[in-house]
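Enquirer: Have a look at this one before I ask anything.
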Amino acid sequence: MLTLSIIKADTGGFVGHSAVHPDMLSEARSAVDRAKASELLLDGHVASCGDDISLIMTHGYGPDASLVHSFAWDVFQATTRIAQNLGLYGAGQDLLSDAFSGNLRGMGPGYAEVEFEPRPSEPVVCFLADKTEPGAWNLPLYKIFADPFNTAGLVIDAKMHAGFVFEVYDLFEEKRILFDCPADLYDMLMFVGAPARYVIHSVRSKTLDETAAATSTQRLSLIAGKYVGKDDPVMIVRAQSGLPAVGEVLEPFAFPHAVAGCMRGSHHAPLMPVATGDAHPSRFDGPPRVVALGFQIKDGRLVGPRDMFADPAFDESRRQANLAMDYLRRHGPFEPHRLPLEDLEYTTMPAVAARIADRWAPLTGTVATQEELSTGRVTGQPGEGAGTSVPTQDVGDAQPVRPG
Ligand code: F6R
Ligand code: MG
Ligand code: MG
């Protein structure tokens with residue numbers, strides 16, 4: 001069996017949160033070369049999207065392997081040191097723990113891993129995104145594996161006609177469920193349509209009994225027990241021969257759907273599919289970007305990548321993303337551009353709410369008095385006004401702890 005792992009982390013941004021410094025990428029590439037020479041890895045490729053470094057690796061150790069995860073952890077420590085030396089922004093920001101223990105679960109870096117028996121020809125697409133969250137993959141995964149208007153093979157290919165099983169995580173209650181599609185399609189959409197909470201973790205072919213896709217579903221906010229940032233997800237999708245064709249895998253991104261992320265991880269904005277050279281969110285720390293790296297895997301070797309969105313056929317999606325960004329930006333601090341209060345990652349809301357708590361009064365039906373209007377304070381009757389609770393949603397222990 002072969003394992004394909006993408007392990008990623010933001011260990012410092014150049015400039016601000018927009019990109020990775022070339023010295024950090026060189027360091028990671030040298031480390032991957034050494035790991036190949038020592039036969040820890042069969043192959044490896046270093047890529048970036050925005051301020052996140054992704055290590056795309058093949059090996060024989062299976063998912064959650066201590067050896068592979070500790071290697072990635074060491075690489076991210078090394079790139080953090082470079083970020084520190086260069087004074088780059090947010091050096092080491094995704095390394096939430098002081099020491100490595102066992103695997104990367106709960107330590108900050110994100111990862112997507114698939115173990116499979118390679119087919120004679122094994123096409124895979126590795127998606128890397130920046131300035132958004134793992135639930136951003138819900139809509140494209142639904143389209144790829146469950147929507148016949150996207151994926152003709154669901155109707156035409158006998159190996160796909162039986163459908164796919166989706167594994168969905170509830171990130172808030174740490175539970176998981178399997179939806180057998182198409183039978184469970186409407187039930188599933190009820191949940192995955194709320195991508196801040198319900199995230200598709202993997203997809204399996206019913207006919208081939210093989211994992212077809214996997215995502216990184218570690219939400220940093222939940223790891224730390226409070227809002228600490230968007231975790232800029234990655235995704236692996238295997239293609240062809242009874243799985244969706246490469247063109248069906250890419251097709252959902254012809255529509256730049258709205259995702260949560262962008263500036264301060266706190267805004268809805270379109271996910272723009274770009275070539276790797278354009279994967280640097282700068283306008284309003286966005287729009288969020290996605291790149292698609294295509295590989296053929298042969299005897300563990302990653303033949304590629306092909307930069308799959310470097311295709312004029314995605315120009316219209318990029319143009320629509322710019323139009324959607326203009327439209328949403330004009331809402332400024334108003335929803336639906338700004339996320340609803342419960343999803344806000346950075347917020348001064350609790351402090352503001354506490355400061356003005358005693359200025360709220362019950363709605364009694366009385367009109368404001370002249371005194372109230374001139375002083376700006378509600379006087380009300382005894383028991384009204386001062387000290388009444390604030391009619392806002394509970395945003396929990398939201399702190400601007402960590403940028404995304
Ligand atoms: C979003 C992101 C950025 C930062 C923003 C503020 O995921 O990474 O939008 O949130 O640039 O960053 P700080 O608070 O570090 O100044
Ligand atoms: Mg960053
Ligand atoms: Mg990032």
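Bear in mind that the values in this text are calculations on the coordinates, not laboratory data. Since we're looking at a predicted model, the values are computed, not measured. So basically every Cβ, Gly included, is an ideal-geometry build from the backbone, and we count neighbours across all protein chains shown.
Enquirer: Largest first and in whole Å, what are the equivalent-ellipsoid semi-axes of segment 136-200 based on the Cα gyration tensor, each being the root of 5 times an eigenvalue?
Expert: Details: eigenvalues 102, 27, 14 Å².
Working from the Cα gyration tensor, I get semi-axes of 23, 12, 8 Å.
Enquirer: To test your reading of the geometry: what angle, between 0 and 90 degrees and rounded to tens, separates the Cα axis of helix 22-37 from the longest principal axis of the chain?
Expert: Once rounded, the angle reads 40 degrees.
Enquirer: For the chain, what does the helix formula give at 222 nm: sum of -39500 (n - 2.57) over DSSP H segments with n ≥ 4, over the residue count, nearest 500 deg cm²/dmol? Can you show the working numbers first?
Expert: Working: 10 runs with 94 residues, N = 404.
Theoretical 222 nm ellipticity from helices: -6500 deg cm²/dmol.
Enquirer: Placing +1 on the Cβ of each Lys and Arg and -1 on the Cβ of each Asp and Glu in the chain, which of Ser282, Gly193, Leu328 has its Cα farthest towards the positive end of the resulting dipole?
Expert: Checking the options against the dipole of the chain, the answer is Ser282.
Enquirer: Ranked from highest to lowest mean number of other Cβ atoms within 10 Å per residue, what is the order of the peptides 294-302, 86-94?
Expert: Values: 294-302: 16.9, 86-94: 19.1.
Highest-to-lowest ranking by the protection proxy: 86-94, 294-302.
Enquirer: Further question: For segment 196-343, with only Lys/Arg (+1) and Asp/Glu (-1) charged at the beta-carbon, what is the dipole magnitude about the Cα centre, in debye rounded to 20?
Expert: 320 debye
Enquirer: So, one more: Restricting to Cα atoms and excluding each atom paired with itself, what does the Kirkwood estimate give for segment 7-122 in Å?
Expert: Values: mean 1/r = 0.0696 Å⁻¹.
One decimal place: 14.4 Å for the Kirkwood radius.
Enquirer: Hey, another quick one. Taking a cut-off of 19 Å, what percent of all Cα-Cα pairs in segment 140-284 are separated by more than that?
Expert: Details: 5757 of 10440 pairs.
Distances greater than 19 Å cover 55 percent of the Cα pairs.
Enquirer: Taking every pair of alpha-carbon atoms in segment 76-154, what share in percent sits in each 10 Å bin, from 0 to the bin with the longest distance?
Expert: 12, 29, 32, 18, 8, 0
Enquirer: Show me 276-288, 250-262, 323-335 ranked by packing, highest mean number of other Cβ atoms within 10 Å first.
Expert: 250-262, 276-288, 323-335
Enquirer: Along the charge dipole of the chain, which of Leu2, Leu95, Ser66 sits closest to the positive end, that is, farthest toward it, with unit charges on the beta carbon of Lys, Arg, Asp and Glu (+1, +1, -1, -1)?
Expert: Farthest along the dipole direction, towards plus: Leu95.
Enquirer: Strictly greater than 18 Å: what percent of every Cα pair in segment 1-49 meets that?
Expert: Working: 431 of 1176 pairs.
That tail contains 37 percent of the Cα-Cα pairs.
Enquirer: Between 0 and 90 degrees, rounded to the nearest ten: what's the tilt of helix 315-329 against the longest Cα principal axis of the chain?
Expert: Value to nearest ten degrees: 20.
Enquirer: Suppose the chain between Ala313 and Asp98 were pulled fully straight at 0.36 nm per residue; how much longer would it get relative to their current alpha carbon spacing? Display every interim value, and only then the final one.
Expert: Numbers: separation 215, 0.36 × 215 = 77.40 nm, distance 4.49 nm.
72.9 nm is the gain from fully extending Ala313 to Asp98.
Enquirer: Take Thr348 and Glu210, extend 7 Å from each Cα along the Cα→Cβ direction, and tell me the distance between the two endpoints in nm.
Expert: 5.4 nm
Enquirer: Compute the long axis of helix 66-85 from its Cα atoms, compare it with the longest principal axis of the Cα atoms of the chain, and write down the angle in degrees, 0 to 90, nearest 10.
Expert: Long axis of 66-85 versus the principal axis of the chain: about 60 degrees.
Enquirer: Oh, and also: Once you charge only the Cβ atoms, +1 for Lys and Arg and -1 for Asp and Glu, what is the size of the charge dipole of segment 107-179 about its Cα centre, to the nearest 20 debye? Provide the component values of the computation, followed by the final result.
Expert: Details: 6 positive and 12 negative charges, 52 e Å.
Charge dipole of segment 107-179: 240 debye, to the nearest 20.
Enquirer: If we restrict to alpha carbons, what Rg and Dmax does segment 54-95 come to, in Å?
Expert: Both quantities, over Cα of segment 54-95: 12.4, 37 Å.
Enquirer: Can you pull the three principal axis extents for the Cα set of the chain, in Å, largest first?
Expert: 82, 53, 40
Enquirer: Report the charge-dipole magnitude of segment 57-214 in Debye, nearest 20, computed about the Cα centre from +1 at each Lys and Arg Cβ and -1 at each Asp and Glu Cβ. Mind showing how you got there, number by number?
Expert: On the way: 11 positive and 21 negative charges, 55 e Å.
About 260 debye.
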